[in-house]
Amino acid sequence: MIETQNSKYILETKDLGIYYGDFRAVTGVNIPIKRHMITAIIGPSGCGKSTLLRAFNRMNELFTGTSIEGEVRFEGENLYDPTVDPVEVRYRIGMVFQKPNPFPKSIYENIAWGARIHGFKGKMDDLVESCLRQSALWDEVKDKLKQSGLALSGGQQQRLCIARALAVQPEVVLMDEPASALDPIATLKIEELMQELKKNYTIVIVTHNMQQAARVSDSTAMMMLTNRETHTGTVIEFDDTKKIFTNPKDKRTEDYVTGRFG
Amino acid sequence: MLRKTFEHEIQQLRDDVLVLGSMVEQAILNSVEALKKRDIKASQKIFDGDKEINKKRFDIENQLMILIATQQPMAHDLRLLASCMEIISELERMGDYAKGIANINIRMGDAPLLKPLIDVPRMAQIGADMLHQALTAFVNEDVEAAKSIPVQDDEVDALYNQVYRELMTFVIQDPKTIERANWLLWVAHNLERVADRVTNICERTIFIATGEMTEIKSTDDEFWKNQQK
């Protein structure tokens with residue numbers, strides 16, 4: 001069990017490299033993730049953004065043959081230490097995916113299920129309401145909690161998935177393109193929601209939408225392939241979001257955020 | 001190269017800023033020339049022509065708003081567009097100074113100039129040259145030039161100081177000259193302000209190129225200190 005400490009950063013990578021078999025997908029990543037902040041990971045397709053994101057909760061291990069070098073520190077301790085239980089990691093560091101993927105169960109059960117498995121002992125009704133309120137969905141679904149989660153609109157389903165992630169009381173929520181399958185209004189709702197959530201959680205988001213990264217995040221990591229032949233990606237620049245979008249240091253970041261590369 | 005259309009529109013924008021700049025440069029030089037020759041007709045033309053300068057400024061402003069709304073500029077592009085908004089506003093105000101000088105010539109009517117104009121046209125020439133150089137530095141994003149152009153402001157300030165003292169001597173010798181001296185002082189003041197606004201344009205050029213907001217030291221404070229002695 002990793003203790004919640006007062007380490008400077010909630011998550012931090014040290015010379016992180018990620019492999020799929022012999023293929024080195026990501027190399028040399030050193031970035032800090034600040035507590036109660038939103039960190040965006042941007043970059044062209046295929047540069048390893050989602051791979052890096054999944055390394056933050058050991059989700060890559062669900063694919064056979066993946067391995068890492070270096071460290072990912074959570075609360076100052078190496079997440080990949082043999083004594084660390086990956087299941088514990090995944091509920092303390094939750095994840096929301098690109099396509100809304102609610103369970104084919106009722107809205108209520110979508111939230112209650114995970115909590116029950118993790119041994120939640122309190123009042124389930126209160127937990128469900130609290131999670132739905134936090135994900136700004138309560139008012140829209142409070143009268144139909146028994147209905148299937150799949151009957152909701154795309155935007156509502158995605159907020160239900162966020163509520164489901166919150167049900168196990170994580171400390172970090174990882175979001176992999178959470179709004180790319182949604183229309184602009186539903187996207188704005190998710191973005192507003194993120195601003196609320198960061199008061200209680202730390203968020204790391206991968207997005208293809210640079211304007212979205214600029215709107216929602218506090219820090220931005222810019223990723224790019226370091227070697228076109230080997231297709232290995234890395235973080236080429238990490239800074240405050242306002243700096244990345246007004247005056248980046250790296251010419252490649254400049255070209256990417258101004259739309260001259262991609 | 002991606003974003004060809006945007007690149008083209010940015011080039012068009014730079015060209016339009018240059019056109020506005022040259023309209024203002026001409027207005028400044030012409031306004032002093034008309035005053036020197038006491039050519040009221042020419043001054044009336046400059047006075048009326050200020051409307052064209054204002055219209056050009058609004059056209060560019062509109063173009064900027066459309067680019068910001070439709071292209072979501074970032075980084076260098078964002079700094080360029082935001083700075084152009086400032087630069088066209090500086091240019092428009094410089095146009096107003098030329099209009100002000102034209103207005104003085106019109107209002108002077110038949111009254112002769114208090115003295116032949118020597119230093120005032122020099123101020124206008126230096127100011128117009130500075131403006132020209134500043135716009136060249138803007139287009140080329142030449143940081144070194146943008147830093148060195150404002151140094152010439154000292155020369156304009158020195159001439160202003162000289163004109164001020166000279167006019168005060170007239171006033172002391174003959175208080176009846178107060179009004180005519182005041183007109184010329186007003187002209188010199190407008191020209192001194194032109195050079196100050198050129199400095200502001202240079203600051204924007206440095207910002208566009210480097211992302212750093214730097215204030216180039218103003219010599220105005222020293223001028224006023226000297227007046228108190």
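Order B:ASP110, B:ASP154 by their accessible area, 1.4 angstrom probe, all chains in place, largest first.
Details: B:ASP110 150, B:ASP154 75 Å².
I get B:ASP110, B:ASP154, largest accessible area first.
Taking the charge dipole of the protein assembly as shown about its Cα centre, with +1 at Lys and Arg Cβ atoms and -1 at Asp and Glu Cβ atoms, the residue from B:GLN44, B:ALA27, A:GLN158 reaching farthest to the positive side is A:GLN158.
Label separation (A:ASP85 vs B:THR136): 7.4 nm, computed from points 7 Å beyond Cα along the C-beta direction.
Could you tell me the ratio Rg/Rh of the range A:104-164? Both radii from Cα atoms, Rh via Kirkwood. It would help to have the intermediate numbers written out before the result.
Details: Rg = 10.5 Å, Rh = 11.3 Å.
Rounded to two decimals, Rg/Rh equals 0.93.
In a solvent-free Debye calculation with one equal scatterer on each Cα, what is log10 I(q)/I(0) for chain B at q = 0.11, 0.16 Å⁻¹, listed in the order of the q values? For chain B at q = 0.11, 0.16 Å⁻¹, log10 I(q)/I(0) is -0.59, -1.07. Under the convention that each Lys and Arg Cβ holds +1 and each Asp and Glu Cβ holds -1, the size of the dipole of the range A:104-262 around its Cα centre is about 240 debye. Expressed per residue, the C-alpha convex hull volume of the range B:125-193 stands at 62 Å³.
Each residue was assigned an accessible area with a 1.4 Å probe, and for A:GLU77 the value is about 80 Å².
The calculated FRET efficiency for the pair A:GLU3 and B:VAL19, based on their C-beta separation and a Förster distance of 51 Å, comes to about 0.15. Can you give me the angle between helix A:154-166 and the longest principal axis of chain A, using Cα atoms only, in degrees from 0 to 90, rounded to the nearest 10? Approximately 90 degrees, to the nearest ten. In the protein assembly as shown, the DSSP-assigned H stretches of four residues or longer account for a calculated mean residue ellipticity at 222 nm of -18500 deg cm²/dmol, using -39500 (n - 2.57) per stretch and the full residue count as denominator. With no solvent and one point on each alpha carbon, what is the Debye value of log10 I(q)/I(0) for the protein assembly as shown at q = 0.07 Å⁻¹? Once normalised to I(0) and log-transformed, intensities are -0.57.
Electrostatic tally near A:PRO184: other residues with Cβ closer than 13 Å to its Cβ, Lys and Arg +1, Asp and Glu -1, net -1. Per the Debye calculation on the range A:212-262 with a single equal scatterer at every Cα and no solvent contribution, log₁₀ I(q)/I(0) for q = 0.13, 0.20, 0.22, 0.28 Å⁻¹ amounts to -0.30, -0.67, -0.79, -1.12.
Do any trypsin sites (Lys or Arg not before Pro) in the range A:117-175 lie in a loop, going by DSSP, with at most 15 other beta-carbon atoms within 10 Å of their beta carbon, and if so which? The partial results should precede the final answer.
Values: sites: A:LYS121, A:LYS123, A:ARG133, A:LYS142, A:LYS144, A:LYS146, A:ARG159, A:ARG164; in loops: A:LYS121, A:LYS123, A:LYS142, A:LYS144, A:LYS146.
Taking the range A:117-175 and a limit of 15 other Cβ atoms within 10 Å, the loop trypsin sites (Lys or Arg not before Pro) found are A:LYS121, A:LYS123, A:LYS142, A:LYS144, A:LYS146.
Using only the heavy atoms of the protein chains and a 1.4 Å probe, how would B:PHE170, A:PHE74 rank by accessible area, largest first? Spell out each step's value before the answer.
On the way: B:PHE170 60, A:PHE74 5 Å².
The residues order as B:PHE170, A:PHE74, largest area first.
Output the pairs from A:LYS251/B:LYS56; A:LYS243/B:LYS217; A:LYS14/A:LYS249; B:LYS99/B:LYS147; A:LYS99/B:LYS4 with a Cα-Cα distance over 31 Å in this structure; if there are none, say none. Table pairs above 31 Å Cα-Cα are A:LYS251/B:LYS56; A:LYS99/B:LYS4.
In this entry, the range A:124-201 is assigned a mean projected area of 5.1 nm², taken as a quarter of its C-alpha convex hull surface. With r defined as the distance between the Cβ atoms of A:ASP183 and A:ASP139 and R0 fixed at 22 Å, what FRET efficiency is calculated, to the nearest 0.05? The computed FRET efficiency comes out at 0.70.
Any idea what % of Cα-Cα pairs in the range A:161-221 are farther than 16 Å? All intermediate terms of the calculation are to be shown ahead of the outcome.
Numbers: 723 of 1830 pairs.
For the range A:161-221, the fraction of Cα-Cα distances above 16 Å is 40 percent.
Heavy-atom accessible surface of B:CYS84, to the nearest 10 Å², is about 0 Å², with a 1.4 Å probe and all protein chains retained. Residue separation of A:GLU192 and A:GLN211 scaled by 0.36 nm, minus their Cα-Cα distance, works out to 5.4 nm of gained length. On a per residue basis, the range A:1-81 carries 43 Å² of accessible surface, using protein heavy atoms and a 1.4 Å probe. Per residue of B:76-86, other chain Cβ atoms within 10 Å of the residue Cβ number 2 on average. Straight Cα distances below 17 angstrom link B:LYS115 to the lysines B:LYS36, B:LYS37, B:LYS176, with same-chain residues fewer than 8 positions distant left out.
Roughly how big is the protein assembly as shown's charge dipole about its Cα centre, with Cβ charges of +1 (Lys, Arg) and -1 (Asp, Glu), in debye to the nearest 20? Don't skip to the end; give the middle numbers.
Values: 61 positive and 72 negative charges, 210 e Å.
So the dipole magnitude of the protein assembly as shown works out to roughly 1000 debye.
Reported to the nearest whole Å, the Cα centre-to-centre distance from the range A:192-216 to the range A:123-177 is 17. Counting lysine pairs in the range A:101-229 that sit 8 or more residues apart in sequence, or on different chains, and whose Cα atoms lie under 22 Å apart gives 13. Legend: residues A:GLU75, A:GLU3, B:GLU9, B:GLU92, sorted from most to least accessible area (1.4 Å probe; ligands, DNA and RNA excluded), read A:GLU3, B:GLU9, B:GLU92, A:GLU75.
Using only the C-alpha atoms, the convex hull of the range A:42-146 corresponds to 165 Å³ per residue. The share of Cα pairs per 5 Å bin across the range A:86-134, counted from zero up to the longest distance, runs 4, 17, 25, 30, 19, 4, 0 percent.
Taking only the alpha carbons of the range B:169-208, we obtain Rg and Dmax values of 16.3, 51 Å in that order.
Take the eigenvalues of the Cα gyration tensor for the range B:1-116, scale each by 5, and report the square roots as semi-axes in whole Å, largest first.
38, 11, 10
Each 10 Å bin from 0 upward holds the following percent of the Cα-Cα pairs of chain A: 7, 30, 35, 22, 6, 0. With respect to chain A, whose longest principal axis is taken over its alpha-carbon atoms, helix A:184-197 is tilted by about 90°. Roughly how far apart, in whole Å, are the Cα centres of the range A:236-262 and the range A:73-113? If we compute the Cα centre of each part, the gap is 31 Å.
For the range B:190-208 versus the range A:1-63, the spacing of their alpha-carbon centroids is 47 Å. Across the range A:1-118, Cα pairs under 8 Å and at least six residues apart give a relative contact order of 30 percent. Build a GNM of chain A with springs between Cα atoms under 10 Å apart, and of A:LEU166, A:LEU62, A:LEU16 the one that fluctuates most is A:LEU62.
Is the shape of the range B:4-64 best called rounded, prolate or oblate, per the rule: a/c under 1.5 gives rounded, else a/b larger than b/c gives prolate, else oblate, with a ≥ b ≥ c the square roots of the Cα gyration tensor eigenvalues? Walk me through the numbers before you get to the answer.
On the way: a/c = 5.83, a/b = 2.76, b/c = 2.11.
Prolate is the answer for the range B:4-64, as a/c is 1.5 or above and a/b outweighs b/c.
The values are calculated or read from the model by the stated rules, or taken from the named source; none is laboratory data. Keep in mind the model is a prediction, meaning the values are calculated, not measured. Positions of Cβ are backbone-derived with ideal geometry, glycine not excepted, and every protein chain shown enters the neighbour counts. Note: areas computed on protein heavy atoms with side chains; ligands, DNA, RNA excluded. Shrake-Rupley method; radii C 1.70, N 1.55, O 1.52, S 1.80 Å.
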